[in-house]
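See below for the structure under consideration.
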Amino acid sequence: MNLLAPQFDITRYRADFPVLRKKMNGKPVAFLDSGASAQKPQVVIDAMRAVMDTDYANIHRGLYQFSQVTTARFEAVRQKVADFIGAGSEREIIFTRNATEGVNLVAQSWGRTHLVPGDEIIISGMEHHANIVPWQLLRDQIGIVIKVIPVLDDGTLDFEAFGKLLNNKTRLVSLVQVSNALGTINPVADIIAATRSFNPDIKTLIDGSQAVVHGAVNVTALGCDFYVFTGHKLYGPTGVGVLYGRYDVLQSMPPYQGGGDMIEQVTFDKTTYKDAPGRFEAGTPAIVEVIGLGAAIDYVCAIGMPIIAAYEKKLLTYSLARLDEVPGLTLYGPKHDRAGIMSFTADWGHASDIAMVLDQCGVAVRSGHHCCQPLMARFGVDATVRASLGLYSNETDIDSLIDGLLKAKELLL
Ligand SMILES: Cc1ncc(COP(=O)(O)O)c(C=O)c1O
C-alpha cells in the first residue's frame, strides 16, 4: 500500500509502465533516472504504434484521407501543448527536436536579429549546457556578452548579484526553472517580474525541461517570452521538444532553418515564409513523436500535475530522510522546497563507482556532471550521483537505493 499518499494510486500507475516489470541485473528495477529521460506509459507506446498501424502519412500536404487524419492528430497536439503550459494560442507552440534545439533556435533566430555586439544576456551558474553553449556560439558569432548569476552555497541563486547584473545593455535573461543537477526550484516568476520592472524590453527565456515534469506550469502567468521543454522527460518519446514564444516576438524573428513546409512562395529570386509557428518548422516534423507527446500529456493530465507534484513531494521527504541514514553523504541543493532530484557525493567512493555498484543492485541512477560542468566546478566536484523521481517512483525504489548505497560503502571504503 502507498502510505505516503493513499489517494495516489501508485500501484496502478506503475502498472502503466511496461519497463518497470523488467529486471535489471536480475533484480527488480528501481528506476531513479527519470531526470535524464522518463519511462513511457503503455498509452504513449500504443498511440505511436497506432499512427503507423492505421493511417500514417506525411502531414500538411496530402489531400487524401490518411494525410488529413494524421495532420489533424498532429495539429491537435499543438493545442494540447498550449493548454498544458497555459499559452494564449496554439500559434505560440513550435515543435522542435528537444529543449536544446529550442534554445538554439532562439539564439540563432531572435539573437542574431535583435542583438548587436556588446549587448548582454544573463544566464545562471546552474544552467544545463543546453542554456550555455548556444549563447557562447552566438557570442563568438556576433560579440554579445554573457553574464552569470552566481549560485550560493545552499544551491539557490544570488538575487542580490542578479539585481546588479541588470543594466541598460541587458537584452535577455535566460534561466532554468528547476535545476537538473540540484533540484533547486528557481522563483522564475519573481525574476521575470523584476526583469520587466527594470526594463520591459528585456526578453526572458525559461528552460522548463525539469519543471513541466514536476508540477503545473503556466507561461502566461509567468510572463516569459520564451519557454522550452523536451518530450522525453515528460513520459513522451525522444525526438520532440517544444518552444513556446510570445506571438509578437515570434513574428519578429526570421526562420531558423529553411526547407519544405515553412514557406509561402518560393522563386529563385525570393522566398516568403509562413507566419509562426510554421516558419520555424522546416521539413517533415517528428509526426509520430508529436502524437506520442500528445498521449503523454493526456496521461499526466488525467492524473493531474498538482497531484503528481504532491505525491513526489512526499516521496522526496521520505527519500531525503532515508538518505540521511547513509554515512558520509553530501547532498547538494536546497534542503527544502526542492524538486525530486537528489544529487550527492560520498566521502567513501567516487560517483561513477557508486553508480556501478547500484547498477548491480538493480538501481538506475545517473553519475557524472549532468551537463552542468560549470555548476560542478562551483561546488568543487567533477561528478555527483543523481537520483531523480518520476511519477512511478515509490518507497521500494528508495529503499533499494539506500540498501545499494550501504552495500557500495562496504565495497568501496
Ligand atoms: C534543465 C535541462 N535543460 C535542458 C536539457 C536538455 O534536454 P534535451 O537534451 O532533451 O534537449 C535537460 C536534459 O537533461 C535539462 O535537464
**OP:** With respect to ILE45, determine if the residue is in contact (Cβ under 8 Å) with a residue 12 or more places away in the chain, over 27 Å from GLN257 (Cα atoms) and either within 16 Å of the ligand (Cβ to nearest atom) or not hydroxyl-bearing (Ser, Thr, Tyr) (or both).
**Re:** yes
Original post:
Is one or more of the residues making up the range 105-113 within 16 Å of the ligand (Cβ to nearest atom), of a type in the set (Gly, Ala, Ser) and modelled with pLDDT of 95 or more?
Top reply: yes
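Are there any strands (runs of 3 or more DSSP E) wholly within the range 86-150 with 3 or more residues that are under 16 Å from the mean Cα position of the chain (by Cα) and surrounded by 24 or more Cβ atoms within 10 Å (Cβ to Cβ), and if so which? Explain how you work it out, then say what you get.
Working: elements: 93-96, 120-124, 145-149.
Qualifying strands (runs of 3 or more DSSP E): 93-96.
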Subject >> Unique match (being farther than 20 Å from ASP298 by Cα and in the same structural domain as THR220 (by TED's automatic domain parsing)) among VAL77, VAL103 >> reply: VAL103
**OP:** From GLN360, GLN373, grab the single residue that is of a type in the set (S, T, N, Q), over 23 Å from LEU412 (Cβ atoms) and at pLDDT 95 or above.
**Re:** GLN373
Original post:
Does the range 374-410 hold any residues that are in contact (Cβ under 8 Å) with a residue 60 or more places away in the chain, farther than 20 Å from SER124 by Cβ and open to solvent by 10 Å² or more (accessible area, probe 1.4 Å), and which are they?
Top reply: ASN394, GLU395, THR396, ASP399, SER400, LEU406, LYS409
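Run down TYR13, TYR56 and say which single residue is in contact with a Ser or Thr (Cβ under 7 Å, 6 or more places away or on another chain), on the phi < 0 side of the Ramachandran plot and either open to solvent by 30 Å² or more (accessible area, probe 1.4 Å) or part of a helix (DSSP H, G or I) (or both).
Answer to the selection: TYR56.
Please work out if GLY163 is under 28 Å from GLY86 (Cβ atoms), surrounded by fewer than 22 Cβ atoms within 10 Å (Cβ to Cβ) and within 16 Å of the ligand (Cβ to nearest atom).
Working: under 28 Å from GLY86 (Cβ atoms): yes; surrounded by fewer than 22 Cβ atoms within 10 Å (Cβ to Cβ): yes; within 16 Å of the ligand (Cβ to nearest atom): no.
So GLY163 does not fit the description; no.
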Original post:
Taking the range 312-327 only, how many residues are more than 15 Å from ALA211 (Cα to Cα) and open to solvent by less than 30 Å² (accessible area, probe 1.4 Å)?
Top reply: 5
Original post:
Residue check, GLY125 against (1) more than 15 Å from the ligand (Cβ to nearest atom); (2) touching a Leu at 6+ places or on another chain (Cβ under 8 Å), all met but one. Which one?
Top reply: (1)
**OP:** Tell me, yes or no, whether the range 274-289 has at least one residue that is at positive phi and in the same structural domain as ARG386 (by TED's automatic domain parsing).
**Re:** no
**OP:** Could you tell me whether any residue of the range 130-139 is assigned by TED's automatic domain parsing to the domain that holds GLY239, in contact with a Pro (Cβ under 6 Å, 6 or more places away or on another chain) and away from the ligand (no atom under 16 Å from the Cβ)?
**Re:** no
Original post:
Looking at (1) within 15 Å of the ligand (Cβ to nearest atom); (2) open to solvent by 30 Å² or more (accessible area, probe 1.4 Å), which is the one condition that is false for GLY333?
Top reply: (2)
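The values are calculated or read from the model by the stated rules, or taken from the named source; none is laboratory data. What you are looking at is a predicted structure, and each value in this text was computed from that prediction instead of being measured. Neighbour counts run over all protein chains shown; Cβ positions are idealised from the backbone, glycine included. Each accessible area value is taken on the protein alone, full model and side chains, heavy atoms only, with ligands, DNA and RNA left out. Shrake-Rupley method; radii C 1.70, N 1.55, O 1.52, S 1.80 Å.
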